[in-house]
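Please treat every number below as a calculation from the coordinates, not as lab data. For clarity, every value in this text was computed on a predicted model and none was experimentally measured. Note that we place each Cβ from the backbone using ideal geometry, even for glycine, and neighbour counts take in every protein chain shown.
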Ligand code: FAD
Ligand code: NAD
């Protein structure tokens, strides 16, 4: 085996988990190889996930705002229309630019990129197959970071046309007339909004009684009502039981409270979650243990049951989020080099990038109750915030949950424009063990939407200054 086939560490998969892990390994002085089968690095997040969806959300938000709010700002915007081809080109350009950036970054950090599909070998080492060659590489530590893939419903297989997953729904060549989204989670809401803003009639079928079960129902309801006003239709507590192909699309049979009904669509987006992706990785041959959902089981050091083989990101249990995968990657690299890498899984923020954005950190009331934590809550409507009024962003609410005994912050939920940015200060307060009182006494610039956080924290103690 030549020297260029031997590494200290090999990372398989160059998504946000894998490429960040490889960078950190290299920073820590390890000779690092990064295997990726896709021509562009960046994984799901960069190629078909976070980045393209956010580009589409932003473009369609501008369009929607011009169509529906220009007049209220005294702006005369006549004949506003859209060019879907250009909108997609803009999204593709963003992905392309970022992809080139990640490629250059990884190389500059001293990581060797190995193109091809990786398979673990029972005798040790990794076989990499590309169009050009098949080679075996070896390393003391191997990190699996092969991510996840969309879940398919057994009676509704993906065909990429009438029945699609998110990879397809970020690249439609025309706006669907009627779109049904199965699943009212992150993908369903974000991509449902994109196509609804562009003119599709969108029905979101969710089998739970409310969207966003990670939030308190009062906050989730505020978010849903706002999205309904924007044109989305929600069918809650509803199950799709059967599907039938028609000439122009798909007919779905629905069941809600014992009643059956039908719904037709030219496109059905199935967004009922993602499953770990270890296709072709050879986990069974090597004996890597997985759980019933196919997630690779790891201990607190990211070690699988096979010595020297670790796993991170969407492939292991935990929230399937890019920033969580990145933190796994950094901690894993640090642990390998004898440092005390650590991820605080209790404080992973989540954001759904609809307008207003839905952001959360920590526990909901129900989750706190399950853990035996009694909470006091305070909330503040965006409608009472001066900046929100000035910018036409009055839809939304901020809710703060604090431990009844210690006042320590337990959770924060935000439905607000720029909620993704607002949540950062709540994350910081909570990371440092802050209380509702700390948040309430922190000076927030005026006029900003962030004052809503301070006000919600004040109202935990019944001291809200700008709410009744
Ligand atoms: P991935 O990003 O899935 O990367 C895995 C990589 O491994 C891929 O590049 C794949 O090609 C490669 N690979 C797989 N098998 C092999 C093999 N055998 N050999 C070589 N290479 C292999 N998260 C957020 O935090 N914020 C968001 O806004 C957000 N938006 C999203 C929107 C959509 C539409 C989707 C689908 C997901 C979104 N996510 C978002 C989730 C986020 O994309 C994932 O949590 C994240 O990408 C997981 O990172 P990862 O590194 O674990 O895996
Ligand atoms: P999700 O878990 O966020 O939501 C799935 C929704 O589908 C849930 O509300 C669930 O109750 C519902 N559901 C499940 N089975 C159903 C069925 N048979 N009929 C009707 N409803 C059903 O999953 P997703 O939206 O597919 O996203 C996949 C992953 O990607 C998630 O882990 C998410 O965190 C990640 N993601 C994150 C972002 C973001 O951070 N902004 C954006 C997109 C995706």
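Summary table
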{"item": "Solution diffusion estimate, µm²/s, Stokes-Einstein, region 275-396, Kirkwood Rh from C-alpha pairs, 4 °C, viscosity 1.567 mPa s", "result": "73"}
{"item": "Inter-probe distance in nm under a simple model that places probes 7 Å from Cα toward Cβ, at residue 275 and residue 293", "result": "1.2"}
{"item": "25 °C / 0.890 mPa s Stokes-Einstein diffusion coefficient of region 405-468, Kirkwood radius on C-alpha pairs, µm²/s", "result": "206"}
{"item": "Value of D in µm² per second that Stokes-Einstein yields for region 221-336, Kirkwood Rh from Cα pairs, at 20 °C (1.002 mPa s)", "result": "119"}
{"item": "For q = 0.11, 0.23 Å⁻¹, Debye-computed log10 I/I(0) when each Cα of region 163-272 counts as one equal scatterer", "result": "-0.31, -1.34"}
{"item": "At R0 = 35 Å, FRET efficiency that the Cβ-Cβ distance of residue 403 and residue 465 yields, to 0.05", "result": "0.95"}
{"item": "Helix 419-431 axis, angle to the chain major axis (alpha carbon atoms, nearest 10°)", "result": "70"}
{"item": "Relative packing of peptides 109-118, 123-132, 383-392 - highest average C-beta neighbours within 10 Å first", "result": "109-118, 383-392, 123-132"}
{"item": "Whole-Å semi-axes of the ellipsoid equivalent to region 127-201 (Cα gyration tensor, √5λ, descending)", "result": "36, 15, 13"}
{"item": "Helix 186-197 vs. the chain, principal-axis angle (Cα, 0 to 90°, nearest 10)", "result": "60"}
{"item": "Under the Debye formula (equal points on every Cα, no solvent term), log10 I(q)/I(0) of region 356-460 at q = 0.19, 0.20 Å⁻¹", "result": "-0.83, -0.92"}
{"item": "Virtual spin-label span in nm between residue 105 and residue 384, 7 Å along Cα→Cβ", "result": "4.1"}
{"item": "Fraction of antiparallel bridges per DSSP, region 1-149 only, in percent to nearest 5", "result": "35"}
{"item": "Rel. contact order, % - alpha carbon contacts under 8 angstrom, at least six apart, the chain", "result": "14"}
{"item": "Two-decimal log10 I(q)/I(0) for the chain, as the Debye equation yields it once each C-alpha is a single scatterer, q = 0.09, 0.10, 0.14 Å⁻¹", "result": "-0.68, -0.84, -1.40"}
{"item": "222 nm mean residue ellipticity, helices alone, for the chain (DSSP H n ≥ 4; -39,500 (n - 2.57); rounded to 500)", "result": "-10000 deg cm²/dmol"}
{"item": "Angle between the chain longest axis and helix 322-336 axis [Cα atoms, degrees, rounded to 10]", "result": "40"}
{"item": "Enclosed volume per residue, in Å³, of the convex hull spanned by Cα atoms of region 73-216", "result": "259"}
{"item": "Residues residue 448 and residue 75, FRET efficiency given R0 of 22 Å [Cβ-Cβ distance, rounded to 0.05]", "result": "0.40"}
{"item": "Contact order relative to length of region 193-351, as percent, for alpha carbon pairs under 8 angstrom and 6 or more apart", "result": "11"}
{"item": "Nitroxide proxy distance, nm - points 7 Å out along Cα→Cβ at residue 153 and residue 305", "result": "3.4"}
{"item": "Over region 163-272, relative contact order from alpha-carbon pairs under 8 Å, at least 6 apart, %", "result": "35"}
{"item": "Förster radius 41 Å - calculated FRET efficiency between residue 127 and residue 340 (Cβ-Cβ, nearest 0.05)", "result": "0.75"}
